[in-house]
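The values are calculated or read from the model by the stated rules, or taken from the named source; none is laboratory data. For clarity, every value in this text was computed on a predicted model and none was experimentally measured. Using ideal geometry, Cβ is built from the backbone for each residue, glycine included, and neighbour counts are taken over all protein chains shown. The accessibility values were calculated without ligands, DNA or RNA, using every heavy atom of the protein model including side chains. Shrake-Rupley method; radii C 1.70, N 1.55, O 1.52, S 1.80 Å.
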Amino acid sequence: MTGRRQTTLLAYVSTAAAAASLLTGCGVLPGATGGSREPVTVMTWAPDQTRATNMPGMPAMAQAYARWVNANGGIDGHELRVLTCNEQNTNAGASACARRAVREGAVAVVGSYSQNGRTFMAPLEAAGIPYIGGYGISEDEFTSPLSYPVNGGQASLIAGHGMQLAASCRTVSLVRPDTIAGDKLPDLLNSGLRKASHRGAVDIPALEDAAEYTQPASRALSRAGSDDGCVTAVLGERTQTFFDSFRRLPEQKAEKGKAGDTVRISSVLGSVGQPVIDRTGGADSPFEGAYVTGWYPDADHKAWEPMKKVIKEHAFVDNRVDPADAGVQTTWIAYTVLRQVIESLDSDRITALQISHALDQGVKIDTGGLTPQLRWRYDDLLGAPGFPRIVNHDVTFQVVRDGRLVAQKPGFVDVGETVLTAP
């Protein structure tokens, strides 16, 4: 299958049909130039109302995006139909969502979150459905030939975080999930630390869905030491719970002004973000002064203005859609990819094969400065062990100041070489 373009004759007939439909006023989207183009169905899934990490803003952002493009004529004349699914943070939930995407004729899964890559990728691959702009939490997102990641996933974040911490932290304690995915994090963090000739971090596995973290918090504090030590936690939604336990430690209270001020805390985007900082007190948050590594520019960057405008006009009453949330941001970028691919095809009917073929052939995606230019040809892939399909290996270094995540260092930092050297 080569995904050949329509013949000249077919293109002529399609154009004529579109013109006739426009004249009769049948099936025309608001603002569209013609009505003959078939709707495009896609799916966005994410876990919601679970005990672990929840990402309700991702499907909500997808729905807002669909309302926006459909109010303006669709994508290149195609009505965008978005199916949403609660992945439930389980293998069964991920499998059910993937099977539903196949059953209901989705041509892509876009801007979604799931840790269960092995479960959801198999049904998508069997049906030839591309997975565009997943959150980057699953290893399969960076190995499947039908996955097109828009960021460098946890690999780039953690490797970059090591680089960010190396300049300021004498000793680093890493608190991470006691899971298969979590087992990879120490090596990635250490690859960044050692790039600056820094010794490796202390590895502290912890339950991903614990109600409190007093024991791992105490161990992290004692191993970090009080001389420019750093405690970094990468526990997804439970990171806030961890640092709540951390600040309640007797050592922290007894040593207020000493150890409590000299042990710096840190994390990565997705575990700590602006919504978490706002919920925990803003400038009085325990995250004040924390280092955070992200994939994208900080939430106040002008490149986010188009997304914020769409949210204001089409999701203004939906409190799930926070423009500072990493899941919402990733979904926006993923749908930007989808839109530009569909526009590049200029076809009355869009198929999964057409989309994946266009991406494989090197269609260039401009995200307006939110990422470097994205392209998924073979030559564009990083090829890192375990993460071969990374094409965007840039991260941003941020810090919490006066309750806001702001750039610690302007622009992007390329961590591709660091990811490549990780064991």
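Given their separation in residues at 0.36 nm each and the Cα-Cα distance between them, residue 170 and residue 199 gain 9.6 nm when the chain is fully extended.
The distance linking segment 294-313 with segment 43-107 is 21 Å (Cα centroid to Cα centroid, whole angstrom).
The spacing between segment 210-228 and segment 185-202, judged by their C-alpha centroids, is 19 Å.
Any of 308/409; 184/312; 312/409; 302/364 with alpha carbons more than 27 Å apart? Name them for me. From the list (308/409; 184/312; 312/409; 302/364), the Cα-Cα distance tops 27 Å for 184/312; 312/409. For the chain, the carbon plus sulfur part of the accessible surface works out to 50%, probe radius 1.4 Å. What is the P(r) of the chain, as percent of Cα-Cα pairs per 10 Å bin from 0? Distribution as computed: 5, 22, 31, 23, 11, 5, 2, 0, 0 percent.
Dividing the helix sum by the residues of the chain, where each DSSP H run of 4 or more adds -39500 (n - 2.57), gives a mean residue ellipticity at 222 nm of -11500 deg cm²/dmol. Of the trypsin sites (Lys or Arg not before Pro) found in segment 27-122, those that fall in a DSSP loop while having at most 13 other beta-carbon atoms within 10 Å are 51. Net charge dipole, segment 123-271: roughly 740 debye, given to the nearest 20, about the Cα centre with Cβ charges of +1 for Lys and Arg and -1 for Asp and Glu. Just so you know, the Cα atoms of segment 95-142 work out to an Rg and Dmax of 9.5, 26 Å.
Pick out, in residue order, every one of the trypsin sites (Lys or Arg not before Pro) in segment 195-257 that is DSSP loop and has at most 15 other C-beta atoms within 10 Å; say none if there are none.
Those satisfying the criteria are 199, 248, 256.
Computed from point charges on the beta carbon alone (+1 for Lys and Arg, -1 for Asp and Glu), the dipole magnitude for the chain about its Cα centre is near 60 Debye. Relative to the longest principal axis of the Cα atoms of the chain, the long axis of helix 8-24 lies at roughly 90 degrees. Ranked by the mean number of other Cβ atoms within 10 Å of their residues, highest first, the peptides 398-404, 354-360, 410-416 come out as 354-360, 398-404, 410-416.
From the square roots a ≥ b ≥ c of the eigenvalues of the alpha-carbon gyration tensor of segment 131-208, which class results: rounded (a/c under 1.5), prolate (a/b over b/c), or oblate?
In terms of gyration-tensor shape, oblate.
Between helix 153-166 and the chain there is an angle of about 30 degrees, using the helix long axis and the longest principal axis of the Cα atoms.
Amide H contacts of residue 408: 397, 398, 399, each under 5 Å away and 5 or more positions distant or on a separate chain (H built 1.01 Å from N in the peptide plane; Pro and chain starts excluded). Heavy-atom accessible area with a 1.4 Å probe sorts 84, 421, 367, largest first, into 421, 84, 367. Using only Cα atoms and rounding to the nearest 10 degrees, what angle (0 to 90) does helix 57-71 make with the longest principal axis of the chain? Once rounded, the angle reads 30 degrees. Among rounded, prolate and oblate, which fits segment 283-423 when a ≥ b ≥ c are the square roots of the eigenvalues of its C-alpha gyration tensor, a/c under 1.5 means rounded, and a/b larger than b/c means prolate? Oblate. Amide H contacts under 5 Å for residue 75: 80, restricted to partners 5 or more places along the chain or on a different chain, H placed in the peptide plane at 1.01 Å from N.
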